[in-house]
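Below is one structure, written out as structure tokens; the observations come after it.
The values are calculated or read from the model by the stated rules, or taken from the named source; none is laboratory data. Computed from a predicted structure; not experimentally measured. Cβ placement follows ideal geometry from the backbone for every residue including glycine, while neighbour counts extend to all protein chains displayed. When the accessible area is computed, the model is the full protein with side chains, heavy atoms only, and any ligands, DNA or RNA have been set aside. Shrake-Rupley method; radii C 1.70, N 1.55, O 1.52, S 1.80 Å.
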Amino acid sequence: MKMTKIVRTTADVFYPFCLVFGLYVVIHGHLTPGGGFQGGAVMATGAALLIVAHAYEDITGRIRKTAMKILEAIGLLTFLFAGLSGILFHRPFMANWMAQTGKLFGNTVAHGPNPGDLNTAGLLPLLNVGVGIEVLGGLTVILLYMLSGIKEEKKP
Amino acid sequence: MMKIALFSAILLVLFGGLMYIAADLPFGSPPVSDMDDYFIRNGQEQTGANNIVTSIVFDFRGFDTLGEATVLFTAVLGVGMMFRKMKEGEEYEND
Amino acid sequence: MTPFLLLQALILLGLIVTGALIIAFKDLLAAAIAFAAFSLLLSIEFYILQAPDVAIAEAGIGAGLTTAIFLIAIRGTKRFEEKE
């Protein structure tokens with residue numbers, strides 16, 4: 001079952017904007033309000049638009065369940081290994097060892113209000129991206145599973 | 001009709017009592033604020049993040065966020081097990 | 001301060017109205033849309049109370065994903081509530 005042509009066209013036009021805005025919220029998580037979870041939820045809303053508007057047979061070609069499962073696992077593994085990476089440098093688990101070093105993501109920040117610099121905050125951008133990917137994959141997989149369950153029950 | 005009136009009366013009394021208690025609670029000014037002051041004063045310089053909420057959620061309280069991500073992963077696993085493909089001749093238990 | 005309070009009062013009134021509508025509707029699709037409106041108003045209220053993080057999460061999860069999940073669930077079951 002699919003919705004009318006108007007709904008399908010609107011969803012096709014709108015979902016790239018949802019994805020781009022979600023990506024912006026994730027990447028600027030350490031500068032502006034929002035972060036991994038919020039940005040991932042916005043991206044998953046973009047995917048949900050497509051999933052609700054189209055039939056299950058049409059959507060499986062564009063959004064693959066396996067790819068979303070892999071994304072989810074990669075997100076959680078990114079988070080875990082970013083946390084564990086501090087151990088190599090004799091720091092505790094989840095220690096922010098990249099901040100204030102002057103290298104990757106390591107620019108120093110002055111106290112008080114300042115124009116944001118993306119190349120700061122050490123481990124936080126990595127963790128943000130990991131959580132964002134995981135939330136996108138997880139919520140999309142839930143929607144796809146629900147839709148597949150409906151299709152199986154309607155067939156007989 | 002009598003039942004509904006009685007139910008709404010009980011609800012109103014409960015609501016009034018709750019609001020009466022809640023009106024006295026101090027709001028927005030915790031009695032012990034040493035840790036909050038430390039985060040607000042040093043969080044930006046120690047983590048390098050302008051957004052102090054993210055610096056607390058992902059850095060000072062990073063272990064909590066790991067638990068949250070694990071909860072989401074487990075929830076998706078549960079949904080996947082609920083909607084799994086049935087084998088031939090397998091039935092739902094509670095049909 | 002006064003226009004802020006007026007806006008807040010309007011939004012809280014809208015929250016109560018949409019909350020009552022969710023219960024009153026017999027058409028479950030209309031109830032799901034009313035729930036989306038409820039979530040949107042709630043996220044505006046969070047934004048006014050200076051919690052933009054929570055506002056983004058509420059707008060994404062409440063108004064977007066929950067509505068989509070309800071729509072899929074309604075697709076799999078019946079659209080109208082039955083009389084007891």
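When restricted to residues that are more than 21 Å from residue A:100 (Cβ to Cβ) and either touching a strand residue (DSSP E or B) at 6+ places or on another chain (Cβ under 8 Å) or of a type in the set (D, E, K, R) (or both), the stretch B:38-64 contains 1. Residues in the stretch C:29-40 that are within 13 Å of chain A (Cβ to nearest Cβ) and closer than 27 Å to residue A:148 by Cβ were compared, and the one that is farthest from the chain's Cα centre (by Cα) is C:29.
One residue stands out among those in the stretch A:27-38 that are among the hydrophobic types (A, V, I, L, M, F, W, C) and more than 11 Å from chain C (Cβ to nearest Cβ): the one that is least open to solvent (accessible area, probe 1.4 Å), which is A:31. Among the residues making up the stretch C:22-69, those that are out of contact with any helix residue (DSSP H, G or I) (no Cβ under 7 Å at 6 or more places or on another chain), of a type outside the set (S, T, N, Q) and either touching a residue at least 24 places away in the same chain (Cβ under 8 Å) or at positive phi (or both) are C:26, C:27, C:33.
Does residue A:117 fit the bill of being open to solvent by 20 Å² or more (accessible area, probe 1.4 Å), more than 14 Å from chain C (Cβ to nearest Cβ), modelled with pLDDT under 80 and part of a helix (DSSP H, G or I)? So residue A:117 does not fit the description; no.
Suppose we keep only residues that are acidic (Asp, Glu) and open to solvent by 100 Å² or more (accessible area, probe 1.4 Å) within the stretch B:57-95. Which one would you say is modelled with the lowest pLDDT? Selected residue: B:95. Here residue A:12 clears all of (1) farther than 20 Å from residue A:135 by Cα; (2) open to solvent by less than 30 Å² (accessible area, probe 1.4 Å) except the condition numbered (2).
Of the numbered criteria (1) away from chain A (no Cβ under 12 Å); (2) hydroxyl-bearing (Ser, Thr, Tyr); (3) open to solvent by less than 30 Å² (accessible area, probe 1.4 Å), the one residue C:67 fails is (1). Among the residues of the stretch A:69-91, are any out of contact with any Pro (no Cβ under 7 Å at 6 or more places or on another chain), at the interface with another protein chain (Cβ under 9 Å from one of its Cβ atoms) and at pLDDT below 85? Scanning the stretch A:69-91, I find at least one residue that is out of contact with any Pro (no Cβ under 7 Å at 6 or more places or on another chain), at the interface with another protein chain (Cβ under 9 Å from one of its Cβ atoms) and at pLDDT below 85, so the answer is yes. Taking the stretch B:22-45 on its own, how many of its residues are part of a helix (DSSP H, G or I) and either within 7 Å of chain A (Cβ to nearest Cβ) or acidic (Asp, Glu) (or both)? Within the stretch B:22-45, residues that are part of a helix (DSSP H, G or I) and either within 7 Å of chain A (Cβ to nearest Cβ) or acidic (Asp, Glu) (or both) number 5. Looking across the stretch A:52-65, just one residue is open to solvent by 30 Å² or more (accessible area, probe 1.4 Å) and not in a helix (DSSP H, G or I), and that is A:64.
For the stretch C:10-21, the condition of being more than 11 Å from chain A (Cβ to nearest Cβ), part of a loop (DSSP other than H, G, I, E, B) and surrounded by fewer than 16 Cβ atoms within 10 Å (Cβ to Cβ) holds for none of the residues. One residue stands out among those in the stretch B:1-44 that are modelled with pLDDT of 85 or more and among the β-branched types (Val, Ile, Thr): the one that is nearest to residue A:124 (Cα to Cα), which is B:21.
The rows are residues; the columns are (1) under 17 Å from the mean Cα position of the chain (by Cα); (2) over 22 Å from residue A:146 (Cβ atoms).
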{"site": "C:42", "(1), (2)": "yes, yes"}
{"site": "C:48", "(1), (2)": "yes, yes"}
{"site": "C:53", "(1), (2)": "no, yes"}
{"site": "C:64", "(1), (2)": "yes, no"}
{"site": "C:79", "(1), (2)": "no, no"}
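Only one of the listed residues (A:146, A:68) is part of a helix (DSSP H, G or I), surrounded by 15 or more Cβ atoms within 10 Å (Cβ to Cβ), under 12 Å from the mean Cα position of the chain (by Cα) and aliphatic (A, V, I, L, M). That residue is A:68.
Only one of the listed residues (A:122, A:132) is within 14 Å of chain C (Cβ to nearest Cβ) and in contact with a Gly (Cβ under 7 Å, 6 or more places away or on another chain). That residue is A:132.
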